[in-house]
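*Asks:* First the structure, which I've put down as structure tokens, then a few questions once you've had a look.
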Amino acid sequence: MTSRGGAMCIDLDNLPALSLGATVFAGGGGGDPRIGELMALKAIRELGPVEVKPLDAFDDDDLIMPCGMIGAPTVMVEKIPNGGEGRVIREAYERHFGRPVAAVMPFEMGGINGVLPVTWAAYAGLPLVDADFMGRAFPELQMLTPHLYGMAGSPSVITDERMQTVVFDTMDNIWLEKLVRNCVASLGGSACGGLYPMTAGAAQRPAIIGTLSRAVRMGEAIRRGGEDPIAAISEVAPVTRLGQGKVVDIERRTSGGFVRGSALIEGLGADKGRLFRLEFQNENLVVLEDGEALATVPDIITLLDTHTGHGLVTEGIRYGQRIEIVAFPAPEVWTSKEGLAAVGPRAFGYDFDFVSVVDRHA
Amino acid sequence: MRESSRLRVGIDVGGTNTDAVIIDDQDKLLAKVKHPTTSDVTTGILSALRLVLEQLHGAAANVSHVMLGTTHATNAILERRNLNRVAALRLGGPATHAIPPLTGWPEDLKAAVSCGETVVDGGVEMTGEPIVPLDEDAVRRFLDSVSEQAEGVAISGVFSPVLSDQEYRVAELVREVLGDIPVSLSHEIGSLGLLERENACVLNAALVAVAERVTTGLSNAMTTNGITAEAYIAQNDGTLMSLDYVRRYPILTIGSGPTNSMRGASYLTGAMDALVVDVGGTSTDIGILTSGFPRESSTAVEIGGVRTNFRMPDLVSLAIGGGTIVGAAGDAVSLGPGSVGYRLSTEALVFGGAVPTVTDAIVASGRARIGDAALTAGSREMLLRAIAACDARIEDGVDRVKTSGRELPLIAVGGGSGLIPEVLAGVAGVHRPENYDVANAIGAAIASVSGELDRVFAYGKDGRDEAIAEAVQLARDEAIRAGADPAHVEVVEIEEVPLAYLTEPVARVRVKAAGPLKTH
């Protein structure tokens, strides 16, 4: 990450690294960040690098705007955003709270949402906060850390390329998920939004700190990695190698508004003779071998391309890919009792408890 | 030969050779020829056609179809030559302004192709509803602004593969404002993924003049040789296009070479599911046949530095061919990247030259008898190490292209296919069909006609089966419309990708149907 007068910046050099890192930490979900990267490329070319600041650099009552896209990333590769959505969200919040937004923050540091807020910060001339509310990617709006602390996702502002705005003020975050999901469907399947707006002081508790700069460091390590990307990755984050192999079967289906499915991975090299089964619901949920879980959500399970070290999104998994199955430990907040109730294996319908990769493979 | 017999001529223009074959209506090979590719390409086609007809007395009058696979379009883009100036018009505002048309194009290619780009309000949602009404005034203003320079217009609407009315409407406006100028519509060229489809659409519009040269060149070559048959050009999925179709969709010819050799390999062996390795003069392409067709790449394909998403065979390409130069690097051996190319017959050791090549290595190892094997004696040790190095790279390439652990037969084709050893890991037997050296021209001659459908369906309750059935019917209709025999059209591929995160089940369905050409 480059420095400018002591501050960190996202610039043309490290933007591709952010994109790579965001895919690795997405755990298979969040969509391909390419569209977000191309948007940010244009914004940075026009307006210059975007400053990235730690959360504690802000005053306690500074207003932080967590934002991103909601809906199907597969729609966004066709109906690309206008670019002004971030401004519309910001203006709606400024009207609502009667004061200026001080900084933009990705609510989800994974997939396209790790990159989109860069564009909006550039256009607004605001800094980015080096934090998020997931520490990875998750599919639903109550799967954000402030929910665990009883904080409200409302008021949530949803906007589209037509610059229409809908402000949600719901009784709880479950209703927020339900109503926003339907709204996004009406707007064409993907939309942009702000969630869990709060002051920098209030964000101290739920925020997962340093995730944006970590994604950049991860991407830079992969780009430097050359022959052994995994070794480079392990310098940035504690990574557990679960196995290497080749995708020999992939099955995807829609149920309940999500892409669910599984991939079979046949071991190669040192793992020859092993057979892994990866199950996903937008994000990768569990890796099984002989019916036993090697890793489970909320640990971040990612498939990496063996040759490049690039992360794969679930919609991009295909027959014959050479991959390395890796896992990163979940942000600590998700492994608490409340955290696991929201995003542990049982929350996704599995009849077993969370298996920490750190403990299991220690 | 009976007077009534109907003959087909297949021609394939490769980097090194232009090959031509004649087959009869039972698909039996009657004549074949290899002729060096000429820099203008067209002269080589004319000569190859003349030479192959000379082998079969009186054949010209009995030729009913001529099929050509050619690299004209690929070369035009790579060399930035003979390209049309295109006005790129996107229908999608107020969406999509965040990434303007032609973002990420190499500057020199953009300068050679574009005479202006714009985004006007329009486009549709995934459901086909308009995003906002189409701004026809803005379309007219843009067309007026480029009227002096534009030699073609590329029209790309958001979600046009779902609903294409707006692209057709804007094509009408182009005719009103600019008169009879070539127009490319994105929904006819690519699938979902606006930027890649738009790129392919703009490249297509830029290739119209090239297509005109190819089609005119082929027509002239046929007339000169006394042939009055129907002419077709092979496209990249192993199926054929009429010359009219090529003038509208020239970009679909890109990638037809490897496809033709894979289809030819299938024909020569009867194999429907197999690995195909085509060893040429400068490179080796490894692909996989599924139900007799090349498996297509599912990732974006770059052409001349531009990302596109149209169908291309999924290949692993190695820079090793019969002409690849072998060198010693200490105890190790180096393969290429240089190649003696068309000078192989004078420069290789076995032909009395002074440059050790992969062909010499093949001879030294005893895998093939070409030229004088004794001339390789002085370099024998290095050449044997070169063969071992080639085997390792081919084995790795074969393994990378495979879709499962299941062992598949391997078909070796191309002029340099003597390189392929008898035994390879993960391969159930190596087949070396007769006439392996003209597999690509045979592939062109036997190419079939296909139709494809790629659309997003909202399934609704119990609507999935109905949606798939509709998709299959539309693909079959498309194949028959393109000239396939209705009695033999088969669905060769159904792919279904659910769109994530939505409450309603919505999926992108892709169906391809293909059948042999209806010959009467």
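*Asks:* Assuming 0.36 nm per residue, please report the length gained on full extension of the stretch A:Asp228 to A:Gln204 beyond their Cα-Cα distance.
*Replies:* Working: separation 24, 0.36 × 24 = 8.64 nm, distance 3.66 nm.
Gain on extension, A:Asp228 to A:Gln204, equals 5.0 nm.
*Asks:* While we're on this one: Dividing the alpha-carbon radius of gyration of the stretch A:192-235 by 2.2 N^0.38 Å (N being the number of residues), what value is obtained?
*Replies:* Numbers: Rg = 15.6 Å, N = 44, 2.2 N^0.38 = 9.3 Å.
Here the answer is 1.68, to two decimals.
*Asks:* If you average the sequence gap of Cα pairs under 8 Å that are 6 or more apart and divide by the length of chain B, what percent do you get for the contact order? It would help to have the intermediate numbers written out before the result.
*Replies:* On the way: 1249 pairs, mean separation 68.9, N = 520.
Once normalised by length, the contact order is 13 percent.
*Asks:* Please check: in the Gaussian network model of chain A (C-alpha springs, under 10 Å), which one of A:Asp130, A:Asp172, A:Asp290 has the largest mean-square fluctuation.
*Replies:* With Cα springs under 10 Å in chain A, the top fluctuation among A:Asp130, A:Asp172, A:Asp290 is at A:Asp290.
*Asks:* At a 10 Å Cβ-Cβ cut-off, how would you order A:Lys178, A:Lys79, B:Lys28, fewest neighbours first? Display every interim value, and only then the final one.
*Replies:* Details: A:Lys178 15, A:Lys79 26, B:Lys28 8.
Ranking A:Lys178, A:Lys79, B:Lys28 by Cβ neighbours within 10 Å, fewest first, gives B:Lys28, A:Lys178, A:Lys79.
*Asks:* So what's the angle, to the nearest 10 degrees on a 0 to 90 scale, between helix A:85-97 and the longest Cα principal axis of chain A?
*Replies:* That helix lies at roughly 60 degrees to the long axis.
*Asks:* In nanometres, what is the gap between the two model label sites at B:Glu54 and B:Arg369, each 7 Å from Cα along Cα-to-Cβ?
*Replies:* Placing both labels 7 Å along Cα→Cβ, they lie 2.8 nm apart.
*Asks:* Still on this structure, I have one more. Based on the alpha-carbon set only, what is the convex hull volume of the stretch A:189-296 divided per residue, in Å³? Provide the component values of the computation, followed by the final result.
*Replies:* Values: hull volume 19.4 nm³, N = 108.
Each residue corresponds to 179 Å³ of Cα convex hull volume.
*Asks:* Calculate the spin-label point distance for A:Lys272 paired with B:Ala332, positioning each point 7 Å from the Cα along the beta-carbon direction, and give it in nanometres.
*Replies:* Those two pseudo-labels are separated by 2.3 nm.
*Asks:* Turning to a different aspect of this structure: Looking only at the stretch B:270-435, where both bridge partners belong to it, what percent of the DSSP beta bridges are antiparallel (to the nearest 5)?
*Replies:* On the way: 21 of 29 bridges.
Here the share of antiparallel DSSP bridges comes out near 70 percent.
*Asks:* Sort B:347-358, B:221-232 by the packing proxy (mean of other Cβ within 10 Å over each peptide's residues), most packed first.
*Replies:* Working: B:347-358: 21.2, B:221-232: 17.3.
With the highest mean Cβ count within 10 Å placed first, the list reads B:347-358, B:221-232.
*Asks:* Let me ask another. Taking a quarter of the surface of the Cα convex hull of the stretch B:270-435, what do you get in nm²? Intermediate values should be presented prior to the final figure.
*Replies:* Working: hull surface 42.8 nm².
That works out to 10.7 nm².
*Asks:* In the neighborhood of B:Val355, defined by Cβ-to-Cβ distances under 10 Å, what is the net charge if each Lys or Arg adds +1 and each Asp or Glu adds -1? Could you put the intermediate results ahead of the total?
*Replies:* Numbers: positive: B:Arg343; negative: B:Glu347, B:Asp360.
In short, -1.
*Asks:* Would you work out the charge dipole size for chain A about its Cα centre, treating the Cβ of every Lys and Arg as +1 and the Cβ of every Asp and Glu as -1, and quote it to the nearest 20 debye? Please report the intermediate quantities before stating the final value.
*Replies:* Numbers: 32 positive and 46 negative charges, 114 e Å.
In debye, rounded to 20, chain A gives about 540.
*Asks:* Using the reciprocal of the averaged 1/r over all distinct C-alpha pairs, how large is the Kirkwood radius of the stretch A:213-356 in Å? Each step should come with its number before you reach the end.
*Replies:* Values: mean 1/r = 0.0641 Å⁻¹.
15.6 Å is the Kirkwood radius here.
*Asks:* Tell me, what ³J(HN,Hα) does each residue in the stretch A:39-50 have, in order and in whole Hz, if you take phi through Karplus 6.51 cos²θ - 1.76 cosθ + 1.60 with θ = phi - 60° and put x for Gly and Pro?
*Replies:* Taking θ as phi minus 60°, the curve returns 5, 5, 4, 5, 5, 5, 4, 7, 10, x, x, 9 Hz for the stretch A:39-50.
*Asks:* If you don't mind, another one. Can you give me the distance in nm between label points at B:Asp165 and A:Arg346, each placed 7 Å from the Cα along the Cα-to-Cβ direction?
*Replies:* Taking the two extended label points, one gets 5.2 nm.
*Asks:* Follow-up. Let me test this: with uniform point scatterers at the alpha carbons of the stretch B:206-271, what is the Debye-based log₁₀ I(q)/I(0) at q = 0.22, 0.25, 0.28 1/Å?
*Replies:* Here the Debye-derived log intensity ratios amount to -0.93, -1.03, -1.12.
*Asks:* Let me ask something else. For the stretch B:84-206, just the Cα set please: Rg and Dmax, both in angstrom.
*Replies:* 12.8, 38
*Asks:* Take the cross-link list A:Lys53/B:Lys110; B:Lys32/B:Lys518; A:Lys79/B:Lys110 and give me the ones stretching past 27 Å between alpha-carbons. List each step's numbers first, then the result.
*Replies:* On the way: A:Lys53/B:Lys110 38 Å; B:Lys32/B:Lys518 24 Å; A:Lys79/B:Lys110 23 Å.
The pairs that break the limit, which is 27 Å between Cα atoms, are A:Lys53/B:Lys110.
*Asks:* How big is the Kirkwood radius of the stretch B:121-161, worked out from every pair of different alpha carbons and given in Å to one decimal?
*Replies:* Values: mean 1/r = 0.0870 Å⁻¹.
When all Cα pairs of the stretch B:121-161 are included, the Kirkwood radius is 11.5 Å.
*Asks:* Continuing with the same structure: Each residue of the stretch B:253-265 in order: what ³J(HN,Hα) in whole Hz does its phi give by Karplus 6.51 cos²θ - 1.76 cosθ + 1.60, θ = phi - 60°, with x for Gly and Pro?
*Replies:* Values, residue by residue: 7, 5, x, 6, x, x, 4, 4, 5, 5, 5, x, 5 Hz.
*Asks:* Contour minus end-to-end for B:Thr228 and B:Arg432, with contour as 0.36 nm per residue of separation and end-to-end as the Cα-Cα distance?
*Replies:* Numbers: separation 204, 0.36 × 204 = 73.44 nm, distance 3.49 nm.
Separation in residues times 0.36 nm, less the Cα-Cα distance, equals 69.9 nm.
*Asks:* Could I ask something else about it? Got a sec to turn the phi values of the stretch B:319-327 into Karplus ³J(HN,Hα) couplings, 6.51 cos²θ - 1.76 cosθ + 1.60 with θ = phi - 60°, whole Hz, x for Gly and Pro?
*Replies:* Coupling constants for the stretch B:319-327: 7, 10, x, x, x, 4, 7, 9, x Hz.
*Asks:* If the convex hull of the alpha-carbon atoms of the stretch A:290-362 is projected onto planes in all directions, what is the mean projected area in square nanometres?
*Replies:* Details: hull surface 24.0 nm².
Average of the hull's projected areas for the stretch A:290-362 equals 6.0 nm².
*Asks:* Still on this structure: Rg and Dmax of the stretch A:1-89, using alpha carbons, in Å: what are they?
*Replies:* Reported Rg and Dmax, both Å: 14.4, 40.
*Asks:* Select from A:Ile80, A:Ile222, A:Ile209 the residue whose mean-square fluctuation is largest in a Gaussian network model of chain A (Cα-Cα springs shorter than 10 Å).
*Replies:* Of the options given, A:Ile80 has the highest mean-square fluctuation.
*Asks:* When we measure straight from the Cα of A:Lys272, which lysines land under 22 angstrom away, once same-chain ones fewer than 8 places off are left out?
*Replies:* Leaving aside lysines fewer than 8 places away in the same chain, those within reach of A:Lys272 are A:Lys246, B:Lys402.
*Asks:* Taking only Cα atoms, what is the 0 to 90° angle, nearest 10, from helix A:211-225's long axis to the longest principal axis of chain A?
*Replies:* Orientation of helix A:211-225: about 50 degrees from the principal axis.
*Asks:* Just counting partner chain Cβ atoms within 10 Å, what average do the residues of peptide B:157-163 show around their Cβ? Can you show the working numbers first?
*Replies:* Working: counts 1, 5, 5, 1, 1, 1, 0.
That works out to 2 on average.
*Asks:* Once you sort the root eigenvalues of the Cα gyration tensor of the stretch A:2-211 as a ≥ b ≥ c, which label holds: rounded (a/c under 1.5), prolate (a/b larger than b/c) or oblate (the other case)? Show your work: numbers first, answer last.
*Replies:* Details: a/c = 1.36, a/b = 1.12, b/c = 1.22.
Since a/c stays below 1.5, the shape of the stretch A:2-211 is classed as rounded.
*Asks:* Based on the mean of other beta carbon atoms within 10 Å per residue, what is the order of A:143-150, B:35-42, A:36-43, most packed first? Walk me through the numbers before you get to the answer.
*Replies:* Details: A:143-150: 20.0, B:35-42: 15.4, A:36-43: 23.2.
Per-residue mean Cβ counts within 10 Å order the peptides as A:36-43, A:143-150, B:35-42.
*Asks:* Pop out the Kirkwood hydrodynamic radius of the stretch B:52-99 from its pairwise C-alpha distances, inverse of mean 1/r, in Å to one decimal.
*Replies:* 16.0 Å
*Asks:* Can you check what the net charge comes to around B:Asp278, using other residues whose Cβ is under 13 Å from the Cβ of B:Asp278 (Lys, Arg +1; Asp, Glu -1)?
*Replies:* On the way: positive: B:Arg263, B:Arg432; negative: B:Asp12, B:Asp19, B:Asp285, B:Asp437.
Neighbourhood net charge equals -2.
*Asks:* Take the Cα atoms of the protein assembly as shown, build their convex hull, and give its volume per residue in Å³. Each step should come with its number before you reach the end.
*Replies:* Details: hull volume 152.4 nm³, N = 882.
For the protein assembly as shown, the hull spanned by Cα atoms encloses 173 Å³ per residue.
*Asks:* Next question. Under 5 Å between amide hydrogens, which residues at least 5 positions from B:Cys115 or on another chain qualify, with H placed 1.01 Å from N in the peptide plane?
*Replies:* Those lying under 5 Å, H to H, from B:Cys115 are B:Val86, B:Ala87, B:Ala88.
*Asks:* Using a Förster radius of 30 Å, what is the FRET efficiency between B:Asp180 and A:Arg45 based on their Cβ-Cβ separation? Nearest 0.05, please.
*Replies:* With R0 = 30 Å, the Cβ-Cβ based efficiency is 0.20.
*Asks:* Where the eigenvalues come from the Cα gyration tensor of chain B, what are the semi-axes √(5λ) of the equivalent ellipsoid, largest first, in whole Å? Each step should come with its number before you reach the end.
*Replies:* Details: eigenvalues 338, 130, 121 Å².
Gyration-tensor ellipsoid for chain B: 41, 26, 25 Å.
*Asks:* Can you list residues whose amide H is under 5 Å from A:Met143's amide H, if they're 5+ apart or on another chain and H is modeled 1.01 Å from N?
*Replies:* HN-HN under 5 Å from A:Met143: empty list.
*Asks:* With the calculation restricted to Cα positions, what are the radius of gyration and Dmax of the stretch A:134-201 in angstrom?
*Replies:* 11.9, 36
*Asks:* Would you grab the residues whose amide H sits under 5 Å from the one on B:Phe293? Only those 5+ places off in sequence or on another chain, please, with H modelled 1.01 Å from N.
*Replies:* Amide H neighbours of B:Phe293, under 5 Å, 5+ apart: none.
*Asks:* Hey, got the average number of other protein chain Cβ atoms within 10 angstrom for residues in B:97-103?
*Replies:* Numbers: counts 8, 17, 11, 4, 0, 0, 4.
Counting Cβ atoms of other protein chains within 10 Å of each residue's Cβ and averaging gives 6.
*Asks:* A follow-up question, please. Just add up the charged neighbours of B:Val438: K/R +1, D/E -1, any other residue whose Cβ is under 11 Å from the Cβ of B:Val438.
*Replies:* On the way: positive: B:Lys32, B:Lys34; negative: B:Asp12, B:Asp19, B:Glu434, B:Asp437.
Value of the local net charge: -2.
*Asks:* Averaged across B:126-133, how many Cβ atoms of other chains sit within 10 Å of each residue's Cβ atom?
*Replies:* Values: counts 9, 4, 0, 1, 0, 5, 2, 0.
That works out to 3 on average.
*Asks:* Taking a quarter of the surface of the convex hull around the Cα atoms of the stretch B:1-152, what do you get in nm²? Each step should come with its number before you reach the end.
*Replies:* On the way: hull surface 56.9 nm².
For the stretch B:1-152, averaging the hull's shadow over all directions gives 14.2 nm².
Taken together, the values in this text are just the output of simple stated rules run on the coordinates, not laboratory data. For clarity, every value in this text was computed on a predicted model and none was experimentally measured. Using ideal geometry, Cβ is built from the backbone for each residue, glycine included, and neighbour counts are taken over all protein chains shown.
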